[in-house]
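Read-outs throughout are calculated quantities, based only on the coordinates presented, and are distinct from any laboratory measurement. Predicted model only: the values in this text are computed from it and were never measured. Every residue, glycine among them, receives a Cβ derived from its backbone with ideal geometry; neighbour counts consider all protein chains shown.
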Amino acid sequence: MTEHLKMDKVQPRLLDETGQGVISTPMPRPEGPLKVSGRATYAAEWKAENMAQGFMVRAGIPKGSYKIDADSVKDMPGFLGVYSDHMVRNSAQGTMNTNPVQLEHEIQYLGQPIAVVVAETFEQARHIAESLKVDYTRDDDVAGDFDAVTDWKEGSSQDQGDLDDAIAKAAFAVDSTYTTPPHNSAAMEPHAALASWDGDKVTVRASLQMLGYNRNEIADSLGIDAANVRLLSPYVGGGFGSKLGIDPASVSAAVASRHLGRPVRVVLHRNNVFEMINLRTQTRQRVRLAADSNGKMTAVGHENWQTNLPDEPFAEPVDTATHFLYGGENRRYGQYTAVLNRSASGSVRAPGEAVGMLALENAVDELAEVAGIDPVEFRLRNIPDTHPENGNAYSSRSLAQCLEEGAEKFGWSQRKSPKERREGEWFIGMGVASAARTNILMESKARVTLNPDGTALVETDMTDIGTGTYAILGQIAAEMLGLPTDKVTVELGDTDLPTASGSGGSWGASSSGSSVFLGAKAIRAKIADRLGCSPEELRLQDGVATGGNNRRPLTELLEGPISEEGHIEPGDQDVAQAGFGAHFAEVAVNSVTGEVRVRRMLASMAAGRILNAKTAQSQVWGGQIWGIGSALTEEIQHDRRTGHIVNNDLAEYHVPVNLDVPDLQVHFVDERDDYANPIQSKGIGELGLSGAGAAVTNAIYNACGVRVYDYPATPDKIF
Ligand code: MOS
């Protein structure tokens, strides 16, 4: 039986009624000990009998065509094959439409995958790949420089009222252009795959975020039925969008394995990951804002310029939060795209808000400054009653509480004017930024089984990409079934199990959690029936069911295991749904060198019900840290002539390290969202990043009076 729910109306709050108190507790992740002791097996660590090893071959020119000369290496020790006609682009679009996987017949960027070499050992494969002769026909008409683009194509645009007129008549206005560099997801675990065939069925152990979707992509790229593909990703060492779609390792391993009739493993090395996996686009953003003499916003304009490869459908939704965060009658949005010979642009954590809010939230700070209003107060004044474009109500929105409680906890009242607070050669300043990230529900299924011995099993092909899925799904089942969490086993990451939402867009915990909730709810209904009470009366605790005047242990009540499937689907709702929050940062800026040190940060977040206070806090920490990185250090550097990624490793692509990360505080504002899903939670992971970097750059301004328009705010841009 399946308990199916299409989420188009408000649902009753069954989780609260169970009274177990398991939900929301800061439960440690059950798989943690496996991970820290090396017993959790990641994609590159699987071995198979008679396994061959592949090594990717990258394009050595930025544009043109190629021919592989396999004869040039076929006599080298260990050589098994070169496969070059199934190279696919990492297709992480972040959309759930099944995008046809694109075969690469021509070279469009330097470092593109053009072949895989397979040999007996990894070292042999690497040696052969490096010796392989490739005949290139080079096209010299290469576009590698964002700043040199002139032929921008107008994409989506939207107008409401008259932006120019509103700005002309406004008491206060800003017109600022910000630029953000390309970002890499920089997941700790590189993409890897081990493929093996059994007749016409292929099993691929890979590192992927959305197995149901990825299975279709793999089937599509191999020209086989999805029913013949099994994907396994029980542990994923970070994704951040880079594993939403399949990658060259998974496809090339499957292709080579089919041909050779033996298992093949392909592991991308770090430079491959930087070049062959999608980046976040570089952006230019023009933000125009206006306010009346009371500091009430009257106009909001946000235009963006970005690039991708030819035929890539993905565009970074830069202005997402700008549509619903602040009021103002007059609005304009525009998107302009161009083609560059650079690695594909795709989803990188919080696509849209992550970079859009770096610009928007600095421009709002500028407007508050010219209006002479405290930036927290300014934001509070401009929270609209309803969605400023379609008039929809917000499903839940605690932005004001986030700003107010955050300001209080952070000590915002101690903030001074630029250059007013000084410690030796350091200027000290504080900054704030709103956080906002659209909330999404995705279709998801899970099977829940309750055994007479008081243990339970949750099964779904959901992934845990480091986010806490194992813990959270176990907590939901435990809450509903009245079991201690250590009696619940959670099996994830196998497409043989019911198809889940996958992990992406911060929908994972809510969507897959709702399916577990529904499966457990169906079990409760069955038990209530056997006990002779209504589901509402039923109490399940410590393996005993009580309801009405009856009380029976599960061992008696259950003749065998009860298995039920939960199935959640988004419905039609006329509400605006997003998580909200406020980021605060205190920085020290060196008056001699321009060096910036973040001293402390506080994130005040409202994301509906918090499902696990510990993993949610970790998600927000990650967002704050990425905020520091996007504000101060992270930047893919492309060679302007060739589009070559100059800093294609973690030594040169600077993510914040321990010494860059100060005391990070996280405060959750109490909230439930009745429209979001039956467990009333909203996404938290990407919310933690959206706005975080702007709090840092706003703090830089407050410290030293310098506003940086070109991210990241490296010392050379400050003094
Ligand atoms: Mo996220 S960038 O949707 O994994």
### Summary
Quick note on Ser534, Ser690, ordering by fewest other C-beta atoms within 10 Å, gives Ser534, Ser690
### Query
What's the FRET efficiency of Glu556 with Asn392 using the Cβ-Cβ distance as r and R₀ = 51 Å, to the nearest 0.05?
0.50
#### Entry: Cβ-based exposure ranking for Cys704, Cys402, Cys533, in which fewest neighbours within 10 Å come first
Cys533, Cys704, Cys402
### Task
Using the 2.2 N^0.38 Å rule of thumb for compact globular proteins, work out how the stretch 606-719 stacks up: its C-alpha Rg over that value, please.
1.30
### Message
Could you compute the net charge surrounding Met76? Neighbours are other residues with a C-beta less than 15 Å from the C-beta of Met76; K and R count +1, D and E count -1.
### Response
-3
### Fraction of antiparallel bridges per DSSP, the chain only, in percent to nearest 5
70
### Task
For a quick protection proxy, order the peptides 669-678, 62-71 by their average other-Cβ count within 10 Å, most packed first.
669-678, 62-71
### Task
Write down, largest first, the equivalent ellipsoid semi-axes of the stretch 294-338 in whole Å, where each equals the square root of 5 times an eigenvalue of the alpha-carbon gyration tensor.
28, 9, 6
## Note on the structure
Mean Cβ-within-10 Å packing, highest first, puts peptides 195-201, 483-489 in the order 483-489, 195-201
### Query
Simple spin-label model, 7 Å along Cα-to-Cβ: Asp292 to Val646 in nm?
5.0
### Task
Report, ordered by chain and residue number, the aspartates and glutamates lying within cross-link reach of Lys717, taken as a straight Cα distance under 16 Å and ignoring same-chain residues fewer than 8 apart.
Glu595, Glu634, Glu635
## Note on the structure
Partner lysines whose C-alpha sits under 24 Å from that of Lys47, ignoring same-chain residues fewer than 8 away, are Lys35, Lys201, Lys243
### Message
Between Lys133 and Asp151, what is the label-point separation in nm under the 7 Å Cα-to-beta-carbon projection?
### Response
3.6
### Query
Given 0.36 nm per residue, what is the gain on full extension from Ala338 to Asp71 after removing their alpha carbon distance, in nm?
92.2 nm
### Task
Just round it to a whole percent: the fraction of Cα-Cα distances in the stretch 447-572 exceeding 26 Å.
21
### Derived scalar couplings ³J(HN,Hα) [the stretch 295-305; Karplus, 6.51 cos²θ - 1.76 cosθ + 1.60; whole Hz; x for Gly, Pro]
x, 9, 6, 10, 8, 9, x, 8, 10, 9, 10
### Query
How much length is gained if the chain between Ala226 and Ala168 is pulled fully straight, taking 0.36 nm per residue apart and subtracting their Cα-Cα distance, in nm to one decimal?
15.1 nm
### Query
Sequence-distant or interchain residues sharing an amide H contact under 5 Å with Arg609, placed H: which?
Asp673, Ser681, Lys682
### Task
Quote the FRET efficiency, to the nearest 0.05, computed for Asp175 versus Asn50 with a Förster distance R0 of 56 Å and r equal to the Cβ-Cβ distance.
0.30
### Task
Report the residues of the stretch 456-499 in range of a label on Gln541: point 7 Å along Cα→C-beta, backbone N strictly under 17 Å from it.
478-485
### Task
State, to one decimal in nm, how far the label point of Met188 lies from the label point of Asn549, with both points 7 Å from Cα in the Cβ direction.
5.8
### Query
With Cβ to Cβ distances under 15 Å as the rule, what net charge do the other residues near Gly199 carry (K, R +1; D, E -1)?
+1
### Task
Check each of the GluC sites (Glu not before Pro) in the stretch 502-581 and keep only those in coil by DSSP with at most 11 other C-beta atoms within 10 angstrom; list them in order.
Glu536, Glu559
### Query
Does a label point 7 Å from the Cα of Asp85, set along Cα-to-beta-carbon, have any residues of the stretch 57-76 with amide nitrogen under 19 Å, and which are they?
57, 65-74
### Query
Using the scaling law 2.2 N^0.38 Å as the reference, what is the normalised Cα Rg of the stretch 310-389?
1.33
### Task
Would you mind pulling out the separation of the Cα centroids of the stretch 5-56 and the stretch 555-620, in Å?
16
### Backbone HN-Hα couplings from phi across the stretch 126-131 [Karplus 6.51/-1.76/1.60, Hz, Gly and Pro as x]
5, 4, 5, 4, 6, 8
### Message
Once each part is reduced to its C-alpha centroid, what is the distance from the stretch 129-153 to the stretch 217-266 in angstrom?
### Response
28
### Query
How would you order 177-186, 214-223, 578-587 from highest to lowest mean count of nearby Cβ atoms within 10 Å?
578-587, 177-186, 214-223
### Query
Which of Val432, Ala338, Gly411 sits farthest toward the positive end of the charge dipole of the stretch 331-458, with +1 on the Cβ of Lys and Arg and -1 on the Cβ of Asp and Glu?
Ala338
### Query
Based on the Cα coordinates of the chain, what is the per residue volume of their convex hull in Å³?
155
### Task
Any chance you could run the full-extension gain for Ser417 through Asp660? It's 0.36 nm times the residue separation minus the Cα-Cα distance, nm to one decimal.
85.0 nm
